[in-house]
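Where a number appears in this text, it was derived from the coordinates with a stated rule and is not lab data. Just so it is clear, the structure is predicted and the values come from calculations on it, not from any experiment. In this analysis, Cβ positions are derived from the backbone assuming ideal geometry, glycine residues included, and neighbour counts consider all displayed protein chains.
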Amino acid sequence: MPESASSRTTSKLIADLWQRNQPLILERLAQLDAATQAASARTLTLGQREEAASTAHKLAGSVGMFGFPGGTSFAQQLEVELRTDAPSSTRLAELCAGLRAALFPTAGQRA
């Protein structure tokens with residue numbers, strides 16, 4: 001079945017929004033990477049952990065609207081891990097990598 005004009009317009013609007021929001025998404029990914037590095041160095045503070053969990057929550061809520069349900073899943077898992085008393089740096093690194101790959105599947109799109 002051919003795509004309707006309305007559906008094409010909506011798809012274009014969502015794609016345009018994704019392009020405009022990529023800098024914020026990348027900033028949030030960097031915040032999660034920093035929390036992961038701090039967890040690995042065993043210097044992650046409660047405040048940093050809470051901020052990173054909030055960042056993951058925001059990503060989980062936004063990336064699905066752009067058509068990245070896998071990204072939502074990774075972000076939700078990150079939030080859960082960050083809300084534990086002792087988040088695993090290995091698990092955080094895996095989830096951050098998965099989130100980044102879900103959002104930017106080709107190496108040329110990575111920042």
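Within segment 42-89, being in contact with a helix residue (DSSP H, G or I) (Cβ under 8 Å, 6 or more places away or on another chain) and of a type in the set (A, V, I, L, M) holds for Leu44, Ala52, Ala53, Ala56, Leu59, Ala60, Val63, Met65, Ala75, Leu78, Leu82. Inspect all residues belonging to segment 29-49 and state whether any of them is under 13 Å from the mean Cα position of the chain (by Cα) and among the basic types (Lys, Arg). Taking every residue of segment 29-49 in turn, none turns out to be under 13 Å from the mean Cα position of the chain (by Cα) and among the basic types (Lys, Arg).
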